[in-house]
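None of the figures in this text is laboratory data; all of them are computed from the coordinates on show. Please read these numbers as outputs of a predicted model, since none were measured by experiment. Glycine gets a Cβ as well: all are built from the backbone with ideal geometry, and neighbour counts include every protein chain shown.
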Amino acid sequence: MRISPELEWIRPFVELVSPKLPHIKLLDSIKSRRPKENCSENQTFHGQITKWYDGEKHLITLYTHYLKFTIKKNDNVEIEIKPYTTLDILKHLAHELAHLEHWDHNAFHWALENELGKVFAVKLALDGYTREEDELKEHGI
Ligand SMILES: [Zn+2]
């Protein structure tokens, strides 16, 4: 499976939950995407799964950054590109991977998303991930 270099760190997480995802073989690639600061592209989702070749192949796109809008005095809007945290990205990954088995946003999809999220959480804890706040501080957020 191809994964964008910026998201290569998620590969062990995907491999860990693969046995829970019979349709993982349909997943061709996971691509990273960044919003554009000039807002030429409206960011309406954190992640997305798309099918092509009549559903034979699936592509997951995950945003690695988001736009932060701040309204300043005199109504000027400041736009900054901020990175998503590890937890954000893994939540979005669990959501999109769960679509491989349950295409609709139904209770089964939600349950699987949570199941994958729990596996990710255990791995994170074992890997020594401590606090999202530390990561935010590191990013200067
Ligand atoms: Zn969804």
Inset, instruction - Give me the Kirkwood hydrodynamic radius of segment 81-141, using the inverse of the mean 1/r over all pairs of distinct Cα atoms, in Å to one decimal. - result: 12.6 Å
Legend entry - Principal-axis tilt of helix 86-98 within the chain, Cα atoms, nearest 10 degrees: 40 degrees
Inset, instruction - Please report Ile79, Ile60, Ile49 as a ranked list, fewest other C-beta atoms within 10 angstrom at the top and most at the bottom. - result: Ile79, Ile49, Ile60
Legend entry - DSSP bridge pairs, segment 2-138: antiparallel proportion in percent, nearest 5: 60 percent
Legend entry - FRET efficiency, Asn106 to Lys73 (Cβ-Cβ, R0 41 Å, nearest 0.05): 0.35
Inset, instruction - Would you look at the GNM of the chain, springs on alpha carbons closer than 10 Å, and say which of Thr86, Thr130, Thr64 moves the most? - result: Thr130
Legend entry - Computed E for Asp134/Arg11 - FRET, C-beta separation, R0 25 angstrom, nearest 0.05: 0.60
Legend entry - Residues with amide H under 5 Å from that of Ile3, placed H, sequence gap 5 or more: Ile30
Legend entry - Quotient of Cα Rg and 2.2 N^0.38 Å for segment 26-141, N being how many residues it contains: 1.24
Legend entry - 3J(HN,Hα) from dihedral phi, segment 79-84, Karplus parametrisation 6.51/-1.76/1.60, rounded to Hz, x for glycine, proline: 10, 10, 9, 10, x, 5
Legend entry - Segments 113-124, 88-99 sorted - mean Cβ within 10 Å per residue, highest first: 88-99, 113-124
Legend entry - Longest to shortest principal axis, alpha-carbon extents of segment 1-81, angstrom: 54, 28, 20
Inset, instruction - In whole Hz, with x marking every Gly and Pro, tabulate ³J(HN,Hα) for segment 51-65 from phi via Karplus 6.51 cos²θ - 1.76 cosθ + 1.60, θ = phi - 60°. - result: 10, 9, 6, 6, x, 6, 10, 10, 10, 10, 10, 10, 6, 9, 9
Inset, instruction - Go ahead and set up a Gaussian network model of the chain, Cα springs under 10 Å, then flag whichever of Asn106, Asn76, Asn38 fluctuates most. - result: Asn76
Inset, instruction - Pull out the extension gain between Lys118 and Arg34, defined as 0.36 nm times the separation in residues minus the alpha carbon to alpha carbon distance; nm, one decimal. - result: 27.6 nm
